[in-house]
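J.: Following this message is one structure expressed as structure tokens.
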Amino acid sequence: WSPELSSDLYRIDGWGAPYFTVNSSGDISVRPHGTDTLPHQEIDLLKVVKKASDPINSGGLGLQLPLVVRFPDVLKNRLESLQSAFDYAVQSEGYEAHYQGVYPVKCNQDRFVVEDIVKFGSGFRFGLEAGSKPELLLAMSSLCKGSSEGLLVCNGFKDAEYISLALVARKLQLNTVIVLEQEEELDLVIDISRKMAVQPVIGLRAKLRTKHSGHFGSTSGEKGKFGLTTTQILRVVRKLKESGMLDCLQLLHFHIGSQIPSTELLADGVGEAAQVYSELVRLGAGMKFIDIGGGLGIDYDGTKSSDSDVSVGYGLQDYASTVVQAVRFVCDRKNVKHPVICSESGRAIVSHHSVLIFEAVSLTTTRSQELSSMSLHSFVEKLNDDARADYRNLSAAAIRGEYDTCMLYADQLKQRCVDQFKDGNLDIEQLAAVDAVCDFVSKAIGAS
């Protein structure tokens, strides 16, 4: 066994790059600065756990498992990487505005996480998004120490108390935007803002036609749970105009689903939203921002696949470039000034920065069926022609030492036998025999 085999087995360089790797000792190492991490800056996770869990009289901290280990430098690197990707896209596309992100507090409400994001992101106007009164209070207290240009985006259900709190944030000189998700929220915003003598900045969430069909796309599409239809948007614009507050409408928000699998779907959704944005400009709204919501996905299994709910077929730069291109194309065609682009990429910012560590409380050992040469011969004779060919190819590859090819034919052999079993052409003893053959191959080449 070797560290390289461990890395391949757990595919850590797929899902963990550039923050996690297997070191020369075979342990997981954390690279807090991503690709810029120097060798002496790598953190051996096993040593961290040992120091934390060892008794105090042995020099440890005496902490009980489970533990959550946070790496603030990873958080900082994620923020910087996201900003750099959009900065590059803005520059290369000739985009005439900038990008500034907001972190959705619901993704991780830990005070230290939120405060770190505000601190690390203050240099590039990073803000926060809140979806409830407790989150709004946390965001307000944190952003008082952040950039004055950082947005405080107020989403979620809004009663009078929530809206009053958001307007208090505006009085505190926080760059607060109240995003309408239901049409009736507008009356509350108008009434309370007049009573408090505060001019609000208003956004609205559009319910786009673009639908994300994956596991995380249930809130997208015209039948989605949240947002305003085109008819409702027009009524909001009309009411704001009648109230002399159309200039208060400055932000368009949408969300086509978390974990967007492909840039094609992303471009379609952003393009549709940019059309809505341009129409709001034409109708006289004081538009400045387009908030593309969440959706920047994480490759959890390392497959880089756009056909999976736990992977994505693009990188950070691909995502940023797709967004900027889609907005610029529509705005240029409509002769609309380029808006400031915002995103609410919570999953992409915080996912890598913390590790949950717990004790293994049990061990299951699988005992494979032992095969004699006689029973193996009997097993092979009962296979169909295709499965028998897989077995012969497997044996030949083993003799040649072609281990990857061995696994390929072993997998094919197992699948064919499963199909035979489902059709009633293979008994359960024979199915167990093929499992034993494949387990033997896997162990022999060191893949299990």
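The values are calculated or read from the model by the stated rules, or taken from the named source; none is laboratory data. Please read these numbers as outputs of a predicted model, since none were measured by experiment. Glycine gets a Cβ as well: all are built from the backbone with ideal geometry, and neighbour counts include every protein chain shown.
J.: For segment 136-156, does any single residue satisfy the condition of being more than 23 Å from Val189 (Cβ to Cβ), among the charged types (D, E, K, R) and at pLDDT below 95?
T.: Yes, segment 136-156 contains a residue that is more than 23 Å from Val189 (Cβ to Cβ), among the charged types (D, E, K, R) and at pLDDT below 95.
J.: Right, another one. Being in a loop (DSSP other than H, G, I, E, B), on the phi < 0 side of the Ramachandran plot and out of contact with any Gly (no Cβ under 6 Å at 6 or more places or on another chain) is true for just one of Leu61, Leu75. Which residue is that? Walk me through how you get there before you give the answer.
T.: Values: Leu75 fails: in a loop (DSSP other than H, G, I, E, B).
None of the other options fit; the residue is Leu61.
J.: Select from segment 345-363 the residues that are out of contact with any Lys or Arg (no Cβ under 9 Å at 6 or more places or on another chain) and surrounded by fewer than 18 Cβ atoms within 10 Å (Cβ to Cβ) and write down the one among them that is modelled with the lowest pLDDT.
T.: My answer is Leu363.
J.: Evaluate segment 1-8: report whether one residue or more is closer than 12 Å to Gly302 by Cβ and without any contact (Cβ under 8 Å) to a residue 24 or more places away in the chain.
T.: First, the residues of segment 1-8 that are closer than 12 Å to Gly302 by Cβ: 7-8.
Now restrict to residues that are without any contact (Cβ under 8 Å) to a residue 24 or more places away in the chain: 7-8.
Within segment 1-8, one or more residues are closer than 12 Å to Gly302 by Cβ and without any contact (Cβ under 8 Å) to a residue 24 or more places away in the chain.
J.: Can you say whether Gly295 is crowded, with 23+ Cβ neighbours inside 10 Å and out of contact with any Lys or Arg (no Cβ under 6 Å at 6 or more places or on another chain), as far as the supplied structure shows?
T.: yes
J.: Still on this model: Restricting attention to segment 302-324, does a residue exist that is crowded, with 20+ Cβ neighbours inside 10 Å and touching a His at 6+ places or on another chain (Cβ under 7 Å)? Break it down stepwise before answering.
T.: Quick first cut of segment 302-324, residues crowded, with 20+ Cβ neighbours inside 10 Å only: 311-312, 314, 319-324.
Imposing the further condition that a residue be touching a His at 6+ places or on another chain (Cβ under 7 Å) reduces the set to none.
No, because not a single residue in segment 302-324 is crowded, with 20+ Cβ neighbours inside 10 Å and touching a His at 6+ places or on another chain (Cβ under 7 Å).
J.: As an exercise: evaluate Asp87 against (1) out of contact with any strand residue (DSSP E or B) (no Cβ under 9 Å at 6 or more places or on another chain); (2) surrounded by 14 or more Cβ atoms within 10 Å (Cβ to Cβ) and give the number of the one condition it does not meet.
T.: (1)
J.: Looking at this structure, is Ala160 modelled with pLDDT of 95 or more, surrounded by fewer than 16 Cβ atoms within 10 Å (Cβ to Cβ) and closer than 28 Å to Lys225 by Cα? Step through it out loud before you land on a result.
T.: On the way: modelled with pLDDT of 95 or more: yes; surrounded by fewer than 16 Cβ atoms within 10 Å (Cβ to Cβ): yes; closer than 28 Å to Lys225 by Cα: yes.
Judged against the criteria, Ala160 is a match.
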